[in-house]
1. To the nearest 0.05, how large is the calculated FRET efficiency for LEU391 and THR262 if R₀ is 35 Å and r is the Cβ-Cβ distance?
2. Sorted by packing (mean other beta-carbon atoms within 10 Å per residue), highest first, where do 428-437, 324-333 land?
3. Step through the residues of segment 600-606 one at a time and calculate ³J(HN,Hα) from phi using the Karplus curve (6.51 cos²θ - 1.76 cosθ + 1.60, θ = phi - 60°), rounding each to whole Hz and writing x for Gly and Pro.
4. What's log10 of I(q)/I(0) for segment 170-275 at q = 0.11, 0.20, 0.21 Å⁻¹, Debye sum over Cα points only, no solvent?
5. Through the Karplus equation 6.51 cos²θ - 1.76 cosθ + 1.60, θ set to phi - 60°, convert the phi angles of segment 130-145 into ³J(HN,Hα) values in whole Hz; use x for Gly and Pro.
6. Give a residue-ordered list of calculated ³J(HN,Hα) values for segment 220-229 (Karplus: 6.51 cos²θ - 1.76 cosθ + 1.60, θ = phi - 60°; whole Hz; x for Gly, Pro).
7. Restricting to the chain, compute how many DSSP beta bridges are antiparallel as a %, nearest 5.
8. Please work out the FRET efficiency for the pair LEU119 and ASN317, using the Cβ-Cβ distance as r and a Förster radius of 60 Å; give the result to the nearest 0.05.
Amino acid sequence: MKYILYFDISALFISFTTLFIFLYKKDRRKRQNRTFLFLIITQLVTTISDLVGAYTINYNLTNLHVISNIFNLLYFISHTFLPVLFTIYILDLTGVIKRRSKIIPLLFIPYLILLILQLTNPFTHLVFTIDQNLNYTKGPLIIPMYLLAFIHLVTCLVLILRYRFTLTLSRLIVLIAFTLIILLSTVIQFLFPYLLIECFIQITMTLCILITVDNPSEIYSPTTGVYNRSMFLLDNISFLKNKISYKLIIIKILNEEYYMSTLGYSYMQEILRSIAQWLTLITSEDCVYDCNNGNFAIILYASKLRKVDQVITYLTNRFSTDWLHKDIILSLETQICDIDVPADVNSLENIITIVDATGIKQNTRVSIIKREQLSFMQRVKAIQNSISYALNNNLFQVYYQPIWDAHTNKIHSAEALIRLHDEEMGFISPDEFIPIAEKSGSIIAIGQFVFEEACKMFSIEQLGGIGIDFLEVNLSTVQCNNKKLPQIFMNTLNHYNLSPKSINLEITESAAINSHETFLQTIRDLHNSGFVFSLDDYGTGYSNASYIFNMDFDIIKIDKSILWEAEKSESALIILQNTVRMIKELNKKILVEGVETKAQKDLMTQMGADYLQGFYFSKPLPKHDFIQFCKIYNRSH
């Protein structure tokens with residue numbers, strides 16, 4: 001029987017090409033990549049052995065009888081080892097090996113038994129026989145060898161399908177195709193041994209895996225050279241699904257955006273790359289990930305867990321000192337999250353939440369976030385998501401809290417207050433979500449939403465007809481950084497055919513104290529457009545009152561804490577009386593917040609307050625309830 005050598009010759013060239021591509025492009029620190037390298041080398045050895053063995057038989061080179069025996073034996077040894085290597089590769093790729101590391105010895109036991117039997121072939125002829133005339137005869141061990149290979153390949157197919165959630169779609173398709181085609185080639189080779197097609201198909205499919213499954217552009221960050229966010233997600237999915245306990249260390253560069261804006265994008269990318277490469281030096285192997293936006297992650301599991309304290313110490317010491325790059329010194333503010341999975345977090349969603357959550361800035365350059373602070377970060381991220389969802393789906397609501405006029409004994413205005421109710425978290429207080437919205441920038445959209453809702457309410461419901469002079473709308477400091485805000489507001493007023501006097505803009509005392517030129521210019525432009533202003537939360541800033549007349553407020557809103565304290569303390573009452581007298585002498589209107597009892601109402605009326613607001617009159621109401629309340633109250637007083 002003559003063997004067809006063309007497939008083996010082609011396989012030889014493809015093997016060398018595959019090996020070259022791997023050595024040129026691949027990072028061999030990741031265990032699955034090292035397994036893949038052994039797979040390529042074993043395929044190369046198998047191809048060379050098959051080619052030499054078949055060649056000596058084809059051309060009846062009887063003087064190479066010993067060499068023919070050696071290479072044919074080497075072919076079966078390496079050929080039997082290939083399914084074992086591929087099984088280990090699949091176990092590593094799906095993450096099963098990290099949970100069931102003891103499975104590796106079990107894989108080698110059948111192979112070692114076969115190996116011993118193969119090595120004794122010169123005496124037993126269990127695998128094959130080649131006589132002096134180079135006549136080749138199969139031995140009884142051939143069928144068990146092919147059966148074992150078939151079992152390994154079927155096992156791989158089952159693993160791929162069972163743990164498909166750990167693979168991208170392209171990986172899943174290629175690996176299924178690889179396994180099925182290799183199974184088919186094994187059957188063909190067994191039935192038609194003269195074709196020598198098996199090595200050609202195996203190495204061709206291996207090259208396909210190299211190009212697709214382990215494509216560097218899909219798993220590595222082009223900027224930092226470490227594993228990218230996609231690989232981070234896949235590895236975490238694998239660990240969580242396989243119920244592996246591991247340590248997740250997240251490193252957040254809190255002032256990354258600042259350096260990006262001051263030093264430039266390209267320069268900061270170089271810094272991030274140097275950080276990533278340093279992280280690989282202290283952790284080694286395959287556990288560093290670039291999660292984008294100055295966030296890095298390190299995954300430590302099994303034997304690597306003993307390094308956790310050492311790694312945390314290295315991180316703390318390094319980021320506590322300056323980074324020098326191209327003669328520029330950088331002080332990187334860093335937050336390190338030390339997370340036990342699944343003890344601290346047990347889902348991919350929670351892990352992503354912590355990775356993407358805004359860092360918590362503290363007084364130290366390096367802060368360590370432990371278990372007790374992780375829930376806060378998750379809460380912040382969840383609220384950010386809720387805000388975005390509410391804005392995109394128009395789920396915010398505006399409530400109106402009536403304001404009582406002491407001179408007319410009627411409701412003359414109301415404060416527009418934003419409300420957020422999340423399906424999962426329930427009611428979220430403005431005191432909680434407003435600061436988060438200010439940090440994320442979504443406060444601009446929220447502020448415009450409230451302003452437009454107030455204008456729509458005043459215009460459509462014709463509030464002037466029920467005694468409402470104006471509605472008060474809170475103005476965020478972030479909004480005032482937009483120089484186009486006056487024009488935006490005027491366009492909204494014109495759309496509803498309203499005068500600026502219909503809306504009273506509120507600014508908190510802290511914003512007034514910490515104002516900068518852009519803020520002040522926006523306020524001046526709004527004043528010039530005809531808007532009037534209230535100073536909210538007066539008495540909480542502990543500053544002098546110069547900003548009251550510098551910014552020309554029409555109404556000063558005394559914070560509820562001052563009223564409540566005045567009921568408990570004689571000195572606090574004196575402070576309240578003097579505060580009211582000073583504001584009256586400045587010819588400003590006074591509104592007192594937090595009036596909850598008749599005694600508080602009578603006290604502030606006697607002192608000369610112009611307007612009162614609080615639960616004594618009404619809690620904040622939805623617009624239709626507010627309209628009904630005003631109609632009834634103003635009609636009966």
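A short reminder: the numbers here are calculations on the coordinates, not readings from a lab. These numbers come from a predicted model, not from an experiment. A quick note on method: Cβ atoms are made from the backbone with ideal geometry, for glycine too, and the neighbour counts reach across all protein chains shown.
1. So, using R0 = 35 Å, E works out to roughly 0.70.
2. Descending mean neighbour count gives 428-437, 324-333.
3. Along segment 600-606, the couplings run 5, 4, 5, 4, 6, 5, 5 Hz.
4. So the normalised log intensities work out to -0.60, -1.07, -1.10.
5. Values per residue, Gly and Pro as x: 10, 7, 5, 8, 6, 7, 9, 9, 6, x, x, 7, 4, 4, x, 5 Hz.
6. 10, 6, x, 7, 9, x, 9, 4, 8, 5
7. Restricted to the chain, the bridges split so that about 60 percent are antiparallel.
8. E(calc), rounded to 0.05, equals 0.65.
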